[in-house]
Amino acid sequence: MCWKSSTSRALAAIVVQALWLAPASAAFAVNKNAQELLIFADSSEASTRVNDSGDLDGRGGDFTLVSPGGPLSLSDLQGKVVLVFFGYTSCPDVCPLSLAKISACLSAMNPEEAENVRGLFITLDPQRDSVQTLEKYTGYFHPNIIGLTDRAANIDVVARKYGVSYERTATPGAGVGYSISHPTDILIIDPHGALVGTVPHDTDTNTLLRRVRGLLAPAGG
């Protein structure tokens, strides 16, 4: 992965360490710490670039993958704004910060707004990321974020639909054995199930919040 500064790497390292060292009962504290870290990141180096469908090239569409509650289709979430991120739980940097960003956005909403927003974390590492692993991992961030997995072939189909290319690289000296290079944008899907934009993983929380609320407004009348 490519980072803009040592600050980002340090923030990610703290979030990852908190995630994997904290017991499940400490999930709230981890979530709070991640959000506090994001407040600092927002003020120091966040991006405000937003792609509002200008070059999405027909990407997107319905899909069905496996969630902790069983098969879940994007169409099951019709009427909600969906924030999608492709990654993996062993990711050392971008993935935890991206989910913390989505969590911060959800936590800034009132309950009625948050009920109409879901985050989907689609693993690119189904060999290691079981349903149980994903449920535990996403649970550290926000209850509205759902981890999804499936057979590698099915995940590949969904990734291609959304223009997500990724590559596994062997890292013999690392404990996990390999890393996965993947895009770092958060995908934004409107209440009708259409991919309408993307934002960088390091966008400031208020930019993402405004974008989501803009999509919720028509649905709320």
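Would a scan of segment 157-171 turn up a residue that is in contact (Cβ under 8 Å) with a residue 40 or more places away in the chain and polar (S, T, N, Q)? No: zero hits. Considering segment 121-149, and only residues there that are among the β-branched types (V, I, T) and without any contact (Cβ under 8 Å) to a residue 60 or more places away in the chain, the residue that is surrounded by the fewest Cβ atoms within 10 Å (Cβ to Cβ) turns out to be T133. Among the conditions (1) part of a loop (DSSP other than H, G, I, E, B); (2) buried (at least 16 other Cβ atoms within 10 Å of the Cβ); (3) touching a Lys or Arg at 6+ places or on another chain (Cβ under 6 Å), R118 misses just one, which is (1). Taking the numbered list (1) assigned to a loop (DSSP other than H, G, I, E, B); (2) over 21 Å from L99 (Cβ atoms); (3) not polar (S, T, N, Q) in turn, A217 passes all entries but (1).
Please specify each residue of segment 139-158 satisfying the condition of being assigned to a helix (DSSP H, G or I) and under 16 Å from G70 (Cα atoms).
Within segment 139-158, the subset assigned to a helix (DSSP H, G or I) is 139, 152-158.
N154, I155 - these are the residues of segment 139-158 that are assigned to a helix (DSSP H, G or I) and under 16 Å from G70 (Cα atoms).
A Cβ distance below 7 Å, combined with a sequence gap of six or more or placement on separate chains, defines the contacts here; from segment 186-205, residues that are within 17 Å of D93 (Cβ to Cβ) reach residues that are in a loop (DSSP other than H, G, I, E, B) and not charged (D, E, K, R) in the pairs I186/H201; P200/T184; H201/T184; D202/A46; T203/A46; T203/T48.
Read the figures in this text as sums done on the coordinates, not as results from a lab. On a predicted model such as this, the values are computed, not experimentally measured, just so you know. Heads up, the Cβs are rebuilt from the backbone with ideal geometry, glycines too, and the neighbour counts pull from every protein chain shown.
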